[in-house]
Amino acid sequence: MENVSGVKVFSLSGLNETWTIRYFLFSLTFLVYILILFVNVMLTVTIILEKALHEPMYIFLCNLCINAVYGTAGFYPKFLYDVLSGSHMISYDGCFLQIFVIYTSVKCEFVTLTVMAYDRYVAICKPLMYHSIMTGQMMCKLLTFCWIYPYVTMSLNMTLARRLTLCRSHIDKLYCENWSIVKLSCEETVVNNISGFIVIITFAGLAMYTMLSYVKLISVCTKSREDRIKFMQTCVPHLCAVINFTVTLLFDTMYSRYGSRDMSERLRNFLALQFLIIPPLFNPIIYGLKLTEVRKRLLKQCHSLK
C-alpha cells in the first residue's frame, strides 16, 4: 500500500553515550550477534546432516533456529550501524521492512513453540498413536502454519498501519515497531487497536494451550519413572524456552503499550531489546545441552571439523 502520510524518514531513539561506551557496546553487540548466528547455524546444520535427528521434535527445533537467524537479521545489522555512525534514521519503507521481519519472527517462534508442545503432548500422552498422528504430511502442515500465520497477520497489520496519516516521525525505540508507528498517527486508530488486540488474544490462546499441554504432561509423567525420564529429557528444555520467550515478549508488549518516560533510558532499552537477545541465544544452547541426541551429534560434528 502507498505511503499516505508524507513521512519519508523516521528517527529512532538513540544511545546517549560517549564514543568510548559506543565502541564497547558495538563490540559486545557484535559478539552477541556472532554467537547467536553460530549456535543457531551449528544446531541447524547438525539436524539437517544427521538422519537420526530427522524426527518431528528435532525438525521443529531446526525451524526455531532458522527463525532466530531470520529475526535477528532484522535488528542487529541496522543497530550495529547506528551505534558506530551516530545516526539513528531509517527510511519509511525500511522501517516497515524491519517491523515485518522482527515481528513475523516473533510470531513464528510463538507458533513453533506451541507446535512443539503439541508434538510432546502426543509423544507422551498418546505414544502408540504418535507415528500415525505425526506423519510427514502433518509435520509439513504444521511447519507451513508456523510461517503462513505470522506472514498473513503481519501483512494485515502492515496494511492497516501504512494507511495512517502520521503527524510525527520520531519512534521512541531503538528499532521500528508497529505499535510505535500507530502512536504517531494524527487520526483515529480504532481499527488498528482492534486488530492488535485480536492478535494478542490469539497468541494468548496459543500460550494457554501450551501451558495446559504441560499441565497434562506433568500429570501423566508422575505416573511412571520412564515417563518422568522422557519428560526431563525432552520437555524441560522446551518448557524453559516457552517460559523464557513468553516472559521476554510480555515485557516488550507491556513496555511498548504502557512504558513510562520516567524510566531510565538504559532500562527502557534493555526492556525493548531482551527478546532479541535472550531467546535466540538461550534456546539453541539449552536444547543443545539438554537433548542427549542433539548433544551427541553436535559433539560429532565438532570432532569432524578438527
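Here are the numbers for the structure shown:
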read-out	value
Computed over segment 28-76, Kirkwood Rh from alpha-carbon pairs, angstrom	11.2
Volume per residue that the Cα convex hull of segment 1-130 spans, once the total is divided by residue count, Å³	147
Carbon plus sulfur fraction of accessible area for segment 41-93, probe 1.4 Å, in percent	69
Rounded to whole Hz, the Karplus (6.51, -1.76, 1.60) HN-Hα couplings of segment 56-70, x for glycine and proline	x, 4, 6, 5, 5, 5, 4, 4, 4, 5, 4, 5, 5, 5, 4
Nearest-10 value in Å² for the accessible area of Phe38, using the 1.4 Å probe	120
Interatomic Cα distance distribution for segment 79-150, bins of 5 angstrom, percent	3, 14, 16, 16, 12, 9, 8, 7, 6, 5, 3, 1
Extension gain, Lys126 back to Val190 (0.36 nm per residue minus Cα-Cα distance, nm)	18.6 nm
Residues whose placed amide H lies under 5 Å from that of Met89, excluding near-sequence neighbours	Leu12
Accessible surface of Lys141 - all protein chains present, 1.4 Å probe, nearest 10 Å²	120
Accessible area in the full protein assembly, largest first, 1.4 Å probe, for Glu17, Glu109	Glu17, Glu109
Heavy atoms of Glu55: accessible area, 1.4 Å probe, square angstrom to 10	90
Inter-label distance, nm, simple model (7 Å from Cα along the C-beta direction), Val45/Leu28	2.9
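The values are calculated or read from the model by the stated rules, or taken from the named source; none is laboratory data. Keep in mind it's a predicted model, so treat the numbers as computed, not measured. Positions of Cβ are backbone-derived with ideal geometry, glycine not excepted, and every protein chain shown enters the neighbour counts. What goes into the accessible areas is simple: the full protein's heavy atoms, side chains included, and nothing from ligands, DNA or RNA. Shrake-Rupley method; radii C 1.70, N 1.55, O 1.52, S 1.80 Å.
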